[in-house]
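S.K.: First the structure, which I've put down as structure tokens, then a few questions once you've had a look.
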Amino acid sequence: MTTSVTREDALSLLKKYNKEPFHLLHAYTVEGVMRWYAKEMGYAEEEEYWALTGLLHDVDFEVYPEEHCKKAPELLAEIDAGEDMIHSVCSHGYGLCCDIEPVHPMEKILFAADELTGLIGAAARMRPSKSVMDMEVSSLKKKFKDKRFAAGCSRDVIRQGAEKLGWELDELFSKTIEAMKSCEAEVARQMEEV
Ligand SMILES: [Fe+2]
């Protein structure tokens, strides 16, 4: 899967529909995580597709929360995102806001990692370091089991995501922590400009 969309176009579309710093933080984080996973999973040549799909996956959420994943195709058409990217973006809401199933490995990773980055981010903010750099899988597992912690991050979706990938939760946790380490500094740099 490849895309002719440039990062510049993707970013301007994202910023046109997203003003909340938290939403931009999430978009940059998922972008960086997907970039890491593309290389990790042997799809280095598709890195831009994975990354830009991650950047744009929630593009419609801030303005159209009731039509999440339904409004996205129309917004993505503004930058000629193409059918593949539209499918990938919509499939991250499978079972929640649409019935487009994640098929490609990239789509399964997006489905699994999207919700998990929220949990890891919340756990990182609780740490003295305020960082994911010194986070261990064991401490994330404790946060995962504590249902009151970051209750908005659906444990069911994270479990389903691991299942779709055929991975144990531990594998999804350790890889996604690594992915977030890889982009923490770059995400922070971009947030300084927000
Ligand atoms: Fe998301």
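S.K.: So K147 passes all but one of these: (1) touching a helix residue (DSSP H, G or I) at 6+ places or on another chain (Cβ under 8 Å); (2) loosely packed, with under 15 Cβ neighbours inside 10 Å; (3) outside any loop (DSSP other than H, G, I, E, B); (4) of a type in the set (D, E, K, R). Which condition number does it fail?
M.R.: Of everything listed in (1) touching a helix residue (DSSP H, G or I) at 6+ places or on another chain (Cβ under 8 Å); (2) loosely packed, with under 15 Cβ neighbours inside 10 Å; (3) outside any loop (DSSP other than H, G, I, E, B); (4) of a type in the set (D, E, K, R), K147 misses just condition (3).
S.K.: Starting from segment 99-126, take each residue that is free of Cβ contacts under 8 Å to residues at least 40 places away in the same chain and under 18 Å from C183 (Cα atoms) and list its partners that are within 13 Å of the ligand (Cβ to nearest atom) and outside any helix (DSSP H, G or I), counting only C-beta distances under 9 angstrom and pairs at least six apart or across chains.
M.R.: L119/C153; A122/G152; A122/C153
S.K.: Could you say which residue among V63, V33, V59 is in a helix (DSSP H, G or I), within 16 Å of the ligand (Cβ to nearest atom) and not aromatic (F, W, Y)?
M.R.: Of V63, V33, V59, the one residue that is in a helix (DSSP H, G or I), within 16 Å of the ligand (Cβ to nearest atom) and not aromatic (F, W, Y) is V33.
S.K.: Any chance segment 98-114 includes a residue that's among the small types (G, A, S), crowded, with 19+ Cβ neighbours inside 10 Å, within 11 Å of the ligand (Cβ to nearest atom) and over 15 Å from V33 (Cβ atoms)?
M.R.: Among the residues of segment 98-114, not one is among the small types (G, A, S), crowded, with 19+ Cβ neighbours inside 10 Å, within 11 Å of the ligand (Cβ to nearest atom) and over 15 Å from V33 (Cβ atoms), which makes the answer no.
S.K.: In addition: Quick one: is A162 free of Cβ contacts under 8 Å to residues at least 40 places away in the same chain and touching a helix residue (DSSP H, G or I) at 6+ places or on another chain (Cβ under 8 Å)?
M.R.: no
S.K.: Consider V59 carefully, then state whether it is of a type in the set (V, I, T) and surrounded by 16 or more Cβ atoms within 10 Å (Cβ to Cβ).
M.R.: So V59 fits the description; yes.
S.K.: Say whether the condition of being away from the ligand (no atom under 15 Å from the Cβ), surrounded by 21 or more Cβ atoms within 10 Å (Cβ to Cβ) and part of a loop (DSSP other than H, G, I, E, B) is met by at least one residue in segment 6-28.
M.R.: no
S.K.: Which one of the conditions (1) modelled with pLDDT under 95; (2) buried (at least 19 other Cβ atoms within 10 Å of the Cβ) does E46 fail to meet, given that it meets all the rest?
M.R.: Condition not satisfied by E46: (1).
S.K.: Enumerate the pairs (first residue in segment 2-22 and within 21 Å of E46 (Cα to Cα); second residue anywhere and among the hydroxyl-bearing types (S, T, Y) and modelled with pLDDT of 95 or more) with beta-carbon separation below 6 Å, excluding pairs fewer than 6 apart on the same chain, so at least 6 apart or on different chains.
M.R.: Listed pairs, sorted by first residue: T2/Y49; T3/Y49.
The values are calculated or read from the model by the stated rules, or taken from the named source; none is laboratory data. Computed from a predicted model, the values in this text were never measured in an experiment. A quick note on method: Cβ atoms are made from the backbone with ideal geometry, for glycine too, and the neighbour counts reach across all protein chains shown.
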